[in-house]
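Structure first, then comments.
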């Protein structure tokens with residue numbers, strides 16, 4: 001019996017190794033979304049800064065849209081926040097927030113304190129829209145094109161490097177498509 | 001040309017490492033004394049050439065050699081020279097070279113300072129360390145060569161170091177942390193060497209102890225520095241985030257802490273032999289696992305390196321060989337000898353065993369929390385994340401239990417506690433700590449708070465017991481007391497346990513009593529936060545070497561007395577166009593006032609965030625005390641005693657109260673007697 005127990009650490013390690021091996025082939029930042037190529041879902045939610053104001057899909061501007069899922073409970077959101085403020089200056093797209101699983105007071109404080117990069121931030125306490133989008137954790141960022149089609153989903157904080165690698169090419173691509181359509 | 005020399009030096013170091021991992025072992029098997037003596041020179045060769053390699057990388061940074069890809073992506077001509085030095089470990093390739101370099105430093109140190117240990121044993125240890133070096137130099141050269149060139153398109157300017165890493169602390173934090181991480185390789189090598197020769201007696205534990213404690217000291221300091229860096233550099237005032245990378249360093253620390261205590265038991269009492277070996281293997285395995293987590297990109301973290309599955313695969317192979325190999329060896333070679341030293345339920349052995357088990361459970365919960373997202377993903381159940389709420393909910397009760405038992409440990413006797421003695425010894429510390437714990441929240445906060453009471457009671461408990469034990473130890477046979485009698489290890493334990501108590505106080509008080517206030521201020525305005533008057537005198541534009549910044553001018557005063565001028569900054573780094581908040585703080589032993597400059601608001605107003613952090617420094621002071629205690633234990637002269645002096649004298653055996661050294665000596669004689677018995 002004692003002899004068998006000695007193999008236990010080895011067995012546990014092998015099991016862990018298999019999980020790690022499996023993990024290598026999964027990319028934690030790319031979330032395959034069933035929604036890619038589909039229209040952005042309909043929604044009707046109040047905004048963070050004003051419980052009385054309800055926004056729907058019609059309130060999203062035309063052009064390229066980024067929808068950033070955030071929460072005050074999420075440290076990585078804080079990391080990417082300063083970069084989002086940079087992004088919000090760009091005229092090439094409009095940036096929307098989707099506040100996920102959060103408290104309104106905290107979320108308002110966050111925006112007041114760190115600055116508000118969003119056109120508006122929808123307050124999704126019950127996770128209605130987030131559920132439809134299949135959000136697992138914050139931060140996640142969706143790219144929606146001129147036609148309202150979801151083109152990309154990115155999990156994890158965005159910084160300048162990630163932006164250049166993951167987003168910039170797609171934005172250029174969408175702009176190209178727009179030009180082709182108008183021709 | 002110069003960078004190629006660095007690359008070449010690394011290849012030569014690899015050759016030395018390969019020889020080191022083969023030649024001494026061949027010598028042992030074929031009984032060639034000559035080959036065994038090659039172990040040390042080979043070690044020094046390996047160390048020297050790795051050193052040359054990292055020095056050349058440093059040279060490339062200092063001379064702004066942007067033809068080297070690694071330099072081009074992590075440095076810039078405007079970067080101050082000291083940050084160029086820290087840029088050496090600012091990315092994956094260079095930090096891996098630092099990893100290898102730390103390992104060769106440890107290996108060389110083992111070769112240099114092990115004159116008292118049998119040559120055959122040390123040759124085995126060095127060979128095992130050599131094998132690990134082979135794996136990691138191969139990893140560096142094959143997948144992550146820091147000397148790769150950018151021919152022919154040499155950039156004029158580098159991409160600059162990540163602004164978060166442009167900090168003086170980053171010069172010392174990674175080397176110290178790596179020394180700790182990697183240092184557990186030494187304990188691992190001792191354990192594997194002991195398994196190889198099948199002698200799991202007290203001797204290997206005695207030899208491995210100072211090395212393990214030394215590694216633990218580095219790891220403790222490294223983690224504390226990391227936490228401190230996060231505190232002031234990230235600008236959120238937090239000091240621990242349960243981020244996967246933090247967990248990666250914390251798990252080996254938990255197991256390492258268990259290991260240094262378990263080694264003590266194995267050395268002094270001959271008990272827990274298999275357990276100790278297993279802990280030694282796990283401590284290093286977790287360091288490797290940490291390296292894997294940080295570098296393979298399987299888990300998202302704020303500070304992981306660029307993900308690359310091929311690198312992950314390589315580390316996974318290394319992990320499989322090292323850990324799988326050593327655990328297989330353990331399965332076949334674990335000690336069959338039942339512990340010859342029996343102990344009663346009420347004994348120090350039991351207390352240490354319980355603490356050990358709790359530490360291991362704590363480590364498993366951290367491991368689960370860290371790997372859970374991956375586990376769920378790997379089983380195809382979707383993606384999810386585990387945050388601080390999980391860790392806090394699980395960790396606080398486990399640790400509280402640990403501290404209760406940890407309090408008993410130092411006072412209880414080895415082998416068997418005398419009847420009634422325990423109650424007599426522990427009654428006054430327990431009553432006192434509960435009293436102080438109950439009184440503290442009223443005195444400090446003005447109202448009762450159960451968490452504060454719990455934290456302070458536990459801290460006092462740990463502290464009072466260890467002081468009492470120290471005081472007990474000063475008692476001489478003639479009834480007088482003498483502090484000169486105390487050994488350095490006794491001081492070490494007292495200091496390290498006091499450090500734990502101090503850290504508990506810091507964590508408890510800062511978690512409960514910290515405040516965060518957000519205010520909107522115009523130049524000339526004042527606010528009062530936690531009794532401090534804060535006057536905002538506007539914002540100045542300042543230029544740094546590679547950034548420009550808005551610098552807030554904030555005067556901190558209390559009751560009209562000026563305390564300090566705080567200048568928090570919002571920096572924009574020119575090359576990476578990245579914004580950074582540089583908080584300013586007025587630090588004190590009992591409180592920090594921590595101010596971060598927010599955004600400019602309309603009408604010349606600025607958002608300003610003021611944190612009041614009571615006792616936050618105690619967290620890191622406590623860690624420094626733990627490290628200091630470790631240093632004392634390493635310096636204890638019994639580790640440097642010559643082999644022949646171990647034989648106990650009559651005088652020392654006649655000492656009535658068993659002093660540690662006597663136990664050590666008697667257990668040494670026991671184990672010597674045993675090994676003699678085996679031979680005959």
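Counting the residues of the stretch B:307-325 that are facing chain A (nearest Cβ under 10 Å), crowded, with 18+ Cβ neighbours inside 10 Å and either modelled with pLDDT of 85 or more or in contact with a helix residue (DSSP H, G or I) (Cβ under 6 Å, 6 or more places away or on another chain) (or both) gives 6. Yes or no: residue B:443 closer than 27 Å to residue B:468 by Cα and either more than 14 Å from every other protein chain (Cβ to nearest Cβ) or at pLDDT 85 or above (or both)? Taking the combined requirement at face value, the residue satisfies it.
Put simply, of B:50, B:43 the only residue that is farther than 21 Å from residue B:3 by Cα, outside the structural domain of residue B:287 (by TED's automatic domain parsing) and touching a residue at least 12 places away in the same chain (Cβ under 8 Å) is B:43. Do we find that residue B:269 is away from every other protein chain (no Cβ under 12 Å) and either crowded, with 23+ Cβ neighbours inside 10 Å or modelled with pLDDT of 85 or more (or both) in this structure? The answer is yes for residue B:269.
Note on the stretch A:25-82: among residues that are loosely packed, with under 13 Cβ neighbours inside 10 Å and within 14 Å of chain B (Cβ to nearest Cβ), the one that is modelled with the highest pLDDT is A:25.
Report whether or not residue B:274 is within 9 Å of another protein chain (Cβ to nearest Cβ), farther than 30 Å from residue A:157 by Cβ and modelled with pLDDT under 80.
The answer is no for residue B:274.
Of the numbered criteria (1) assigned by TED's automatic domain parsing to the domain that holds residue B:231; (2) surrounded by fewer than 24 Cβ atoms within 10 Å (Cβ to Cβ); (3) in contact with a helix residue (DSSP H, G or I) (Cβ under 6 Å, 6 or more places away or on another chain); (4) under 16 Å from residue B:100 (Cα atoms), the one residue B:200 fails is (4). Here the stretch A:83-98 is the region considered, the condition is being more than 11 Å from chain B (Cβ to nearest Cβ) and closer than 15 Å to residue A:160 by Cα, and the residue that is surrounded by the most Cβ atoms within 10 Å (Cβ to Cβ) is A:87. Check whether at least one residue in the stretch A:133-146 is surrounded by fewer than 19 Cβ atoms within 10 Å (Cβ to Cβ) and at pLDDT 85 or above, and report yes or no. Among the residues of the stretch A:133-146, at least one is surrounded by fewer than 19 Cβ atoms within 10 Å (Cβ to Cβ) and at pLDDT 85 or above, which makes the answer yes. Could we say that residue B:393 is exposed (fewer than 13 other Cβ atoms within 10 Å of the Cβ) and either farther than 28 Å from residue B:493 by Cβ or without any contact (Cβ under 8 Å) to a residue 12 or more places away in the chain (or both) here? Yes.
Based on what the data block shows, is residue A:95 under 15 Å from the mean Cα position of the chain (by Cα) and either over 30 Å from residue B:244 (Cα atoms) or in contact (Cβ under 8 Å) with a residue 24 or more places away in the chain (or both)? Taking the combined requirement at face value, the residue satisfies it. Please work out if residue B:3 is assigned to a helix (DSSP H, G or I) and touching a strand residue (DSSP E or B) at 6+ places or on another chain (Cβ under 7 Å). Yes; evaluated as a whole, the condition is true for this residue.
Scanning the stretch A:152-183 for residues that are closer than 24 Å to residue A:59 by Cα and surrounded by 17 or more Cβ atoms within 10 Å (Cβ to Cβ), which turns out farthest from the other protein chains (Cβ to nearest Cβ)? By that ranking, first place goes to A:174. Only one entry of B:60, B:53, B:75, B:30 meets the criterion of being farther than 20 Å from residue B:186 by Cα, over 29 Å from the mean Cα position of the chain (by Cα) and surrounded by 15 or more Cβ atoms within 10 Å (Cβ to Cβ), and that entry is B:60. Within the stretch B:225-243, the residues that satisfy the criterion of being within 13 Å of another protein chain (Cβ to nearest Cβ) and either over 22 Å from residue B:394 (Cβ atoms) or assigned to a helix (DSSP H, G or I) (or both) are B:230, B:233, B:234, B:235, B:236, B:237. Looking at B:288, B:259, just one residue is buried (at least 24 other Cβ atoms within 10 Å of the Cβ), over 30 Å from residue B:342 (Cα atoms) and in the same structural domain as residue B:409 (by TED's automatic domain parsing), and that residue is B:288. Taking strands (runs of 3 or more DSSP E) as the structural unit, those lying wholly within the stretch B:557-668 and holding at least 1 residues that are over 30 Å from residue B:211 (Cβ atoms) and at pLDDT below 75 correspond to B:578-582, B:591-600. In the stretch B:205-224, the count of residues that are assigned to a helix (DSSP H, G or I), within 14 Å of chain A (Cβ to nearest Cβ) and modelled with pLDDT of 85 or more is zero.
Only a single criterion out of (1) closer than 30 Å to residue B:310 by Cβ; (2) without any contact (Cβ under 8 Å) to a residue 60 or more places away in the chain; (3) touching a helix residue (DSSP H, G or I) at 6+ places or on another chain (Cβ under 9 Å) is not satisfied by residue A:15, namely (3).
Just one of (1) surrounded by fewer than 24 Cβ atoms within 10 Å (Cβ to Cβ); (2) away from chain A (no Cβ under 12 Å) fails for residue B:246. It is (2). The conditions of being in contact (Cβ under 8 Å) with a residue 12 or more places away in the chain and in a helix (DSSP H, G or I) are met by residue B:465.
The values are calculated or read from the model by the stated rules, or taken from the named source; none is laboratory data. What you see is a predicted model, and the numbers here were worked out from it, not measured in a lab. Note that we place each Cβ from the backbone using ideal geometry, even for glycine, and neighbour counts take in every protein chain shown.
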